[in-house]
1. How many residues, within segment 62-88, are within 20 Å of Gln153 (Cβ to Cβ) and either over 14 Å from the mean Cα position of the chain (by Cα) or in contact (Cβ under 8 Å) with a residue 40 or more places away in the chain (or both)?
2. I'd like to verify a number: residues in segment 98-155 that are under 13 Å from Gly22 (Cβ atoms) and acidic (Asp, Glu), how many?
3. Based on what the data block shows, is Leu121 surrounded by 11 or more Cβ atoms within 10 Å (Cβ to Cβ), over 13 Å from the mean Cα position of the chain (by Cα) and aliphatic (A, V, I, L, M)?
4. Inside segment 89-120, can you point out the residues that are aromatic (Phe, Trp, Tyr) and either at pLDDT 75 or above or part of a helix (DSSP H, G or I) (or both)?
5. Just checking: which of the helices (runs of 4 or more DSSP H) contained wholly in segment 1-87 hold 2 or more residues that are at pLDDT 90 or above?
Amino acid sequence: MENLTENDIYEIVQWEAKYATGIELIDIQHKKLVDLTNELYRACLSRDASVETVFKEAMSRMVEYVRYHFSAEQDLLQRIDYPEFHDHKKQHDTLVMQILNAAKGYNEGKKFVPNNFVRTLKDWVFGHIAVSDKIYSGYVHEQMKKGLLTKEQLT
């Protein structure tokens with residue numbers, strides 16, 4: 001049995017091979033999303049009196065990083081002429097709107113259960129990575145086998 005740290009106990013998601021795209025730039029960013037999701041989850045579990053502040057700060061970091069990652073991913077997909085680019089971007093836009101609406105509602109004091117939000121976010125983001133991102137990853141690797149793309153084009 002592996003040695004678990006206290007942080008491992010308070011993780012809602014762990015990096016798994018099923019999330020790997022084989023594209024270094026994207027995998028590094030996806031691992032950061034795992035870290036941020038767990039940070040947000042730990043903020044929900046905090047018993048500190050400042051839990052609201054901690055959660056808002058974690059939410060803000062998550063929103064900014066999701067935007068950064070989606071922008072980088074979309075840039076890559078455009079550069080390689082990914083045929084399903086527009087559908088993939090639409091999925092990103094939908095998630096960003098859901099996150100922004102949830103954050104806005106939370107900031108406006110609407111009834112909001114942070115723990116439920118984090119679970120929904122985890123399911124959507126990592127479902128997207130495991131399915132949609134795997135599809136473009138397959139396309140990338142196929143293009144590389146054909147000699148139509150190089151590793152350098154993926155950075």
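The values are calculated or read from the model by the stated rules, or taken from the named source; none is laboratory data. What you are looking at is a predicted structure, and each value in this text was computed from that prediction instead of being measured. Positions of Cβ are generated from backbone atoms using ideal geometry, with glycine treated the same way; all protein chains shown enter the neighbour counts.
1. Qualifying residue count, segment 62-88: 15.
2. Number of matching residues: 2.
3. Answer is no for this residue.
4. Those that are aromatic (Phe, Trp, Tyr) and either at pLDDT 75 or above or part of a helix (DSSP H, G or I) (or both): Tyr106, Phe117.
5. Filter on segment 1-87 gives 24-45, 51-79.
Every residue, every condition in (1) of a type in the set (Phe, Trp, Tyr); (2) at negative phi; (3) crowded, with 16+ Cβ neighbours inside 10 Å, yes or no:
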site: Tyr19; (1), (2), (3): yes, yes, yes
site: Ile28; (1), (2), (3): no, yes, no
site: Val54; (1), (2), (3): no, yes, yes
site: Ala58; (1), (2), (3): no, yes, yes
site: Met62; (1), (2), (3): no, yes, yes
site: Asp75; (1), (2), (3): no, yes, no
site: Lys90; (1), (2), (3): no, yes, no
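For (1) touching a helix residue (DSSP H, G or I) at 6+ places or on another chain (Cβ under 7 Å); (2) within 21 Å of Ile135 (Cβ to Cβ), each residue gets a yes or a no:
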| residue | (1), (2) |
| --- | --- |
| Ser71 | no, yes |
| Leu76 | yes, yes |
| Asp81 | no, yes |
| His86 | no, yes |
| Gln91 | yes, yes |
| Val96 | yes, yes |
| Ile99 | yes, no |
| Ala103 | yes, no |
| Asn107 | no, no |
